[in-house]
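**Q** I'd like to ask you about the structure that follows.
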Amino acid sequence: MSDPPPLTDDGHYRVIGGRRWRATDPEIPEERRAELTAILMAWRREVRRTKGTDEEKGARAGVQASKVALGERGRPPWWEQTDGERRARWSADVPRPGD
């Protein structure tokens, strides 16, 4: 497997193609991070499957919920949240396709 894209010096962003993308919250326990990543990938497949249909909006909402749980989207960013807020964010129930 290839090395992940580099992080900025503060660790808040990954740099891909010269563009900054918010990094996943590094405090998420590995097991939960893997679970959330699997859910995110399932939603991305669902977006591709539903492209151009009425179901696409729901699939995109699933991607958004997954990215927020991972800390890659949402306000405030993970590095401005308290430990309790961060834990609550990644522990929240994230729907899976078909739920």
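No value in this document is a laboratory result; all are computed from the given coordinates. Small disclaimer: the values here were computed from a predicted structure and weren't measured. Every residue, glycine among them, receives a Cβ derived from its backbone with ideal geometry; neighbour counts consider all protein chains shown.
**Q** What are the residues in segment 1-51 that are of a type in the set (A, V, I, L, M) and under 13 Å from the mean Cα position of the chain (by Cα), if any?
**A** Within segment 1-51, Ala23, Ile28, Ala34, Leu36, Ala38, Ile39, Leu40, Met41, Ala42 qualify.
**Q** Considering only segment 5-26, state which residues are assigned to a loop (DSSP other than H, G, I, E, B) and surrounded by 14 or more Cβ atoms within 10 Å (Cβ to Cβ).
**A** Residues satisfying the conditions are His12, Ala23, Thr24, Asp25.
**Q** Pairs please, first residue from segment 12-23 and touching a residue at least 24 places away in the same chain (Cβ under 8 Å) and basic (Lys, Arg), second anywhere and surrounded by 11 or more Cβ atoms within 10 Å (Cβ to Cβ) and not in a strand (DSSP E or B), Cβ atoms under 6 Å, 6+ apart in sequence or on different chains.
**A** Close Cβ pairs (under 6 Å, with a partner that is surrounded by 11 or more Cβ atoms within 10 Å (Cβ to Cβ) and not in a strand (DSSP E or B)) amount to Arg22/Glu72.
**Q** Tally the residues that are without any contact (Cβ under 8 Å) to a residue 12 or more places away in the chain, outside any helix (DSSP H, G or I) and either loosely packed, with under 15 Cβ neighbours inside 10 Å or among the small types (Gly, Ala, Ser) (or both), restricting the search to segment 34-90.
**A** 8
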